[in-house]
Structures are given as C-alpha cells and as structure tokens.
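I have placed the structure first, in the form of structure tokens, so that the comments after it can refer back to it.
The values are calculated or read from the model by the stated rules, or taken from the named source; none is laboratory data. If you're wondering where the values come from, they're calculated on a predicted model, not measured in any experiment. Cβ placement follows ideal geometry from the backbone for every residue including glycine, while neighbour counts extend to all protein chains displayed.
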Amino acid sequence: MDKVSIIIIAYNSASSLPKCIISCLNQTYKNIEIVIVIDGSPDNSFEVAKFYQKKDSRILVINKENEGIPKTRKIGFDHSSGEFIYHLDADDYIESNTIEVLLQRLYQEDADIVIGGLVFEDKNGKFITNWITSTTANSKVGYLKDIFKSRIPPFIFGRLIRREIFNSVFVPGNYNCGEDFVSNIMMICYNSDIKIVSDPALLHHYLIYETSITNASKAEAFMIYTDDICEILMNQNLEESVINEWAYFRVIKSWRYYLRRGGKQYLRNKAYVRNFYNKYYSIIRSKLTITERFELNLYRYNQFLGYNFSRVYSKILRITNQPVN
C-alpha cells in the first residue's frame with residue numbers, strides 16, 4: 001500500500017483545525033501521514049496540532065515563522081515521505097473516503113493527478129456551489145486550454161498528486177494570491193507525458209471567508225502571477241499553441257479583473273498597455289460584446305471613467321439578477 005501524505009498549512013486556524021485534522025484521521029485509507037505546518041500563527045494553532053499529534057503517530061507538526069503560502073507548502077512537501085500528495089488548508093475538511101476514492105481512480109487510469117469534486121461552503125457550513133472537473137484532454141496543450149477555460153479548477157487542493165509531479169513546483173514566495181494557479185501551470189508545463197483525470201465524487205469541502213487572502217488581495221498583487229504564467233508559457237514554447245484560450249483569460253479574467261479593482265501601476269505603463277492590447281485584445285476582440293469592448297477601451301483612455309462605468313454596469317447586472325462576469 002502506497003503512502004499518501006496529507007499536507008495541511010495553518011494560520012489563525014485554531015477553531016477550524018480540529019475538524020480538518022479529524023477528517024484526515026477518519027480516512028478509510030489508513031496508510032497516510034499528516035504533515036501540519038503552522039505558518040507563524042499568532043493564535044494557538046500549534047497547541048491544537050500538538051494535541052492531536054499525541055493521539056496519533058501519523059501526525060507530524062512543524063512550527064515556523066510566517067513566510068506565506070508558497071514557502072509553507074514547500075516546507076510541508078519537503079518533510080513528507082508519501083508517494084502521493086494531497087494538499088489541504090486548515091479551514092477545510094474532506095470526506096472520509098476521499099483518499100481511497102482518488103487513489104483507486106489514479107491506479108485505474110495510471111494517472112499522475114486525479115481531481116475530485118469540490119464543495120464550496122460559507123463559514124457556517126452552508127452550501128454555496130460545487131465544481132466538478134470536466135476535462136477530457138490528454139495532452140499538455142489540452143490541459144492548459146482547459147485550465148484557462150475553467151474546466152480544470154486552478155487550485156492545488158482537492159486532488160491527489162504523484163510525488164514526482166509536484167517536484168517541479170517552486171512558486172516564488174512573494175505571492176499574495178495566484179500561487180495555486182502557477183503551481184498547476186508548472187506541473188503541466190514541466191512534466192513530460194503528464195496525465196490528469198478526474199472523479200465526480202464531491203470529496204473536498206472548501207470554506208469561503210469574506211476576509212480570505214483571495215478576497216483581500218490588491219490588484220497589483222494579482223497581476224504578478226499572470227505575468228509569471230505568461231513567461232512560463234513562452235519559455236516552454238507553449239503560448240502559441242493555447243493563444244486563443246490564454247488571450248481570453250488574460251483579457252477578461254486577468255486584465256479586466258485588475259482594472260475593476262483599481263489597478264494603476266500597469267495601466268500607467270503605456271508601452272505595456274499598447275503591447276498588451278495589440279497582442280491579446282486583438283485576438284479576442286471579435287468574441288467580446290459591445291459592452292465589454294467599450295469597457296476595456298474606456299480604461300485605456302481614462303481610468304476614472306472606466307472604473308465608474310464598471311461600477312454602474314455591475315450594479316445594473318445585480319439589480320436585474322444577471323450574473324456579474
């Protein structure tokens with residue numbers, strides 16, 4: 001029986017950590033180790049983790065200074081010994097058969113990564129939505145297209161990963177958001193003949209907080225990781241193969257996201273903006289609505305007007321019960 005390492009990172013998670021740990025200890029697949037890394041948490045997360053370590057020898061607890069998610073995940077990985085890796089945030093929890101279901105699926109398909117279904121909940125455990133991977137790709141290019149089209153969740157949790165696949169992940173430690181997305185791109189781009197499959201079972205419960213790092217991230221921090229993905233694709237000679245999907249992601253899900261949150265630094269760089277619109281916007285312009293084209297070009301010429309147009313437009317969509325894209 002292969003060992004599975006469940007890596008938990010914890011920061012200010014003393015209240016949720018017990019449920020997270022117990023969901024791991026109750027796994028039907030027993031050959032696991034649980035590596036809990038406390039990222040300089042100011043609460044008593046470390047004491048909570050040590051309490052459970054005394055109860056089960058499969059738990060390893062590491063307490064360190066606060067360094068952020070990328071470095072903390074790397075430390076957890078370096079201290080793990082399993083043939084397969086499962087990442088889990090301390091606010092989340094998993095079903096009792098999560099590891100068993102994913103491992104069986106991985107064996108059946110001879111895969112490197114298997115992605116289970118995700119359940120999104122609020123802090124009270126109320127169901128919000130779910131996400132089931134719909135990829136049918138079988139190549140690097142196919143996987144990249146699917147992640148840009150949101151067929152593959154851009155997360156690192158909720159999936160079982162063959163250890164050698166994760167060896168290629170070395171995300172910079174200065175990220176405030178987007179580290180999971182970059183990790184996915186690295187695993188796909190830096191591993192030859194990688195195989196990713198999915199299982200529809202809803203196995204991982206992800207809790208959404210209004211004050212989470214993702215919700216609090218500033219626009220400038222958001223743009224850092226999308227530029228890094230661009231560099232990876234270009235260095236691996238893969239950008240042209242996925243240019244249509246990547247261009248749409250860059251313009252709508254990256255650039256517009258940045259603009260709507262008040263991003264200024266990149267917008268002030270006239271050369272960057274000119275090259276961006278010439279390269280990416282021009283590719284997908286015909287696929288955008290008149291409103292989308294107007295909004296994106298309005299920012300280019302007057303950020304104040306663009307920002308206020310976005311606010312009014314989003315408000316109208318909410319009032320008329322339309323999705324705010």
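Mind checking which residues of region 159-184 are of a type in the set (A, V, I, L, M) and either closer than 24 Å to LEU102 by Cα or surrounded by fewer than 18 Cβ atoms within 10 Å (Cβ to Cβ) (or both)?
Within region 159-184, LEU160, ILE161, ILE165, VAL169, VAL182 meet the criteria.
Among the residues of region 125-145, is there at least one that is within 17 Å of the chain's Cα centre (by Cα), surrounded by fewer than 18 Cβ atoms within 10 Å (Cβ to Cβ) and either assigned by TED's automatic domain parsing to the domain that holds MET223 or aliphatic (A, V, I, L, M) (or both)?
Yes: one or more hits.
Out of GLY40, GLY68, GLY76, report the one residue that is of a type outside the set (A, V, I, L, M), out of contact with any Ser or Thr (no Cβ under 7 Å at 6 or more places or on another chain) and surrounded by fewer than 18 Cβ atoms within 10 Å (Cβ to Cβ).
So the residue among GLY40, GLY68, GLY76 that is of a type outside the set (A, V, I, L, M), out of contact with any Ser or Thr (no Cβ under 7 Å at 6 or more places or on another chain) and surrounded by fewer than 18 Cβ atoms within 10 Å (Cβ to Cβ) is GLY40.
For region 41-56, enumerate the residues that are hydroxyl-bearing (Ser, Thr, Tyr), within 25 Å of the chain's Cα centre (by Cα) and in a helix (DSSP H, G or I).
Once the filter is applied, which keeps residues that are hydroxyl-bearing (Ser, Thr, Tyr), within 25 Å of the chain's Cα centre (by Cα) and in a helix (DSSP H, G or I), region 41-56 yields only SER45.
Could we say that SER81 is surrounded by fewer than 15 Cβ atoms within 10 Å (Cβ to Cβ), farther than 20 Å from HIS204 by Cα and of a type in the set (Ser, Thr, Tyr) here?
When the stated conditions are applied, SER81 passes them.
Need a quick list: helices (runs of 4 or more DSSP H) entirely within region 162-261 having at least 1 residues that are polar (S, T, N, Q), without any contact (Cβ under 8 Å) to a residue 40 or more places away in the chain and under 30 Å from SER13 (Cβ atoms).
Qualifying helices (runs of 4 or more DSSP H): 179-189, 213-216.
In region 57-71, how many are over 23 Å from the mean Cα position of the chain (by Cα), in a loop (DSSP other than H, G, I, E, B) and polar (S, T, N, Q)?
Final tally of qualifying residues: 1.
Of all residues in region 136-162, which are touching a Ser or Thr at 6+ places or on another chain (Cβ under 8 Å) and of a type in the set (D, E, K, R)?
Within region 136-162, ASP146, ARG151 qualify.
Which numbered condition in (1) modelled with pLDDT under 95; (2) buried (at least 17 other Cβ atoms within 10 Å of the Cβ); (3) farther than 23 Å from SER168 by Cβ is the only one that TYR281 fails?
The failed condition is (1).
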